[in-house]
Amino acid sequence: MLWAAVHLPDLSLQLRLRGIVAPGPVLIQDESHRPRVLSCNDAAIGLGIRSGMPVSAAFALAAGLQLFTRDPEREAKALKGVALWAGQFTPTVSIASGNEVLLEIGGCLRLFGGLRQLGGRIRANLRELGYHAVVAVAPTATGALLLSRAGIATCVGDRHELRRALAPLRLRLLDQPADTIATTLAGMGVHTIRDYLALPRDGLARRFGQRLLDEIDRALGHLPDPRPPFIPPARYAAALELPAPVQETEPLLFAAKRLILELAGYLAMKQAGVTQLRFELEHADRGATRVAVGLSAANRDAAHLLTLLREKLATVELPAPVETIRLIATETRPLGSHNRSLFADQRPAAEERWRVIEHLRARLGVDAVYGLGMFPDHRPELALRRVPAGKAQDGDCDLYRPLWLLARPLPLKAGDLLPQADGPLTLLDGPERIESGWWDDFDVTRDYFVARDDSGVKLWIFRERNDQKNWFLHGVFN
């Protein structure tokens, strides 16, 4: 087995910075009576603020600081989002602690082009999600976690190499009581795993119990290291709280992209695509603004979903500043893989045609984009009817009909023998008599002809059977 450990240092701070491009100084404080700074970003460090100092001292150094209290519940939800996203790489995902996720990647290396390519893809995608993570790979889950906690982004291939990599690590990285590590072992001069391995096992077991020995043995691969699997929810729903209220729709896309990328990973894990999305833009003192995005076919391409959202948000007027973005996948469907042909096909794939339709719908509205379906009626005005875009009815018609049919027939000038349209017309074919509609009070009795004007354009003209003098233009051939 091969485990990749994703360690997210200062997760509470990272969550506050995910939704903004250029943040100012941001501080995270604890929940004590006299709060202290747990973490701060680079802008705050540049002002002289450090972790551990009193919050009051931080405000004495600089004004205009953004202060937030650590929210463990919010961190747990965010970590589940990372686990959902990680499911696109492997079905075996486990949440190790409050800021760590484990991926068993031994069985999917060939699928992603090898360890180096897969590791690079994981790191790059985490950056797109808005996270700074340390990713370490090792043959054991505990070994990978210890390396990532130490800030060592490395790939260890075998257990002999793993022992050498773990030896210099500090014992404080272990999941052991602080008194055992910082007081007792440190007082004995034991600070690293190398120091620990030099001591007799029996004495350590009597002094510190079996728990410490087992964790080291799991890290080195001497004991099994089972991990509880992460069970994804049946439906994706996530929220992203913005550090400051946002009044314009365009800046919301930066924050929404983080959620869409998480959704794309979740859909890849489920081998599904989304057909209905709902964005809820939450305000402080009024109900949320809802933005629905519908897709004609199941899709999980993050770039396409973001494009549709951009078009939708361009038509939305915000009644108040937005404080939180919520994304809900209201409808998903199975989405299989594509079978590719040996020889390239120049015709656009069905998925590409759907993308064009969805893009137009998002910009112009659903009612403005539609298709044409054939209907069994001889009257030209009723032979074609509106159908949902991309779902035109199949049918065969052996009759010669123009692609462009006028909404209302246009009267033509009468000539000596034939009608005129910016000049005399030449009849090419006809007549074709159409008599129908006596049953619905739209009776049609016409003789249709195919004509050509001086410029060579073919026209579809007719005259009433009972009125041979007046001619009308009804369509233009392409």
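The values are calculated or read from the model by the stated rules, or taken from the named source; none is laboratory data. Small disclaimer: the values here were computed from a predicted structure and weren't measured. Positions of Cβ are generated from backbone atoms using ideal geometry, with glycine treated the same way; all protein chains shown enter the neighbour counts. Heads up: the accessible areas ignore ligands, DNA and RNA and are worked out on the full protein's heavy atoms, side chains in. Shrake-Rupley method; radii C 1.70, N 1.55, O 1.52, S 1.80 Å.
Points worth noting:
- Looking across segment 34-50, the residues that are open to solvent by 10 Å² or more (accessible area, probe 1.4 Å) and either closer than 15 Å to D10 by Cα or among the small types (G, A, S) (or both) come down to R36, L38, C40, N41, D42, A43, I45, G46, G48, R50.
- Those residues of segment 88-103 which are more than 17 Å from P139 (Cβ to Cβ), open to solvent by less than 10 Å² (accessible area, probe 1.4 Å) and of a type outside the set (A, V, I, L, M, F, W, C), in sequence order: E100
- Pair list, Cβ under 9 Å, 6 or more apart: segment 166-189 residue under 17 Å from L213 (Cβ atoms) and in contact (Cβ under 8 Å) with a residue 40 or more places away in the chain, other residue open to solvent by less than 30 Å² (accessible area, probe 1.4 Å) and acidic (D, E): L174/E215; D175/E215
- Of residues in segment 294-330 being basic (K, R) and either touching a helix residue (DSSP H, G or I) at 6+ places or on another chain (Cβ under 8 Å) or in a helix (DSSP H, G or I) (or both), the one surrounded by the most Cβ atoms within 10 Å (Cβ to Cβ): R300
- Count - residues of segment 356-387 that are closer than 19 Å to L277 by Cα and out of contact with any strand residue (DSSP E or B) (no Cβ under 6 Å at 6 or more places or on another chain): 10
- Test: G106 is in contact with a Leu (Cβ under 6 Å, 6 or more places away or on another chain), assigned to a loop (DSSP other than H, G, I, E, B) and surrounded by fewer than 17 Cβ atoms within 10 Å (Cβ to Cβ): yes
- Residue within segment 68-86 that is open to solvent by less than 60 Å² (accessible area, probe 1.4 Å) and part of a loop (DSSP other than H, G, I, E, B) present: no
Okay, residues lined up against (1) of a type in the set (A, V, I, L, M); (2) open to solvent by less than 50 Å² (accessible area, probe 1.4 Å); (3) in contact (Cβ under 8 Å) with a residue 24 or more places away in the chain; (4) in contact with a Phe, Trp or Tyr (Cβ under 9 Å, 6 or more places away or on another chain):
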position	(1), (2), (3), (4)
V134	yes, yes, yes, no
P139	no, yes, yes, yes
L145	yes, yes, yes, yes
I152	yes, no, no, no
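- Restricting attention to segment 439-460, the residues being of a type in the set (V, I, T) and either within 19 Å of L384 (Cβ to Cβ) or open to solvent by 80 Å² or more (accessible area, probe 1.4 Å) (or both) number 2.
- Residue within segment 267-274 that is within 30 Å of A329 (Cα to Cα), surrounded by 15 or more Cβ atoms within 10 Å (Cβ to Cβ) and either more than 21 Å from the chain's Cα centre (by Cα) or of a type in the set (V, I, T) (or both) present: yes
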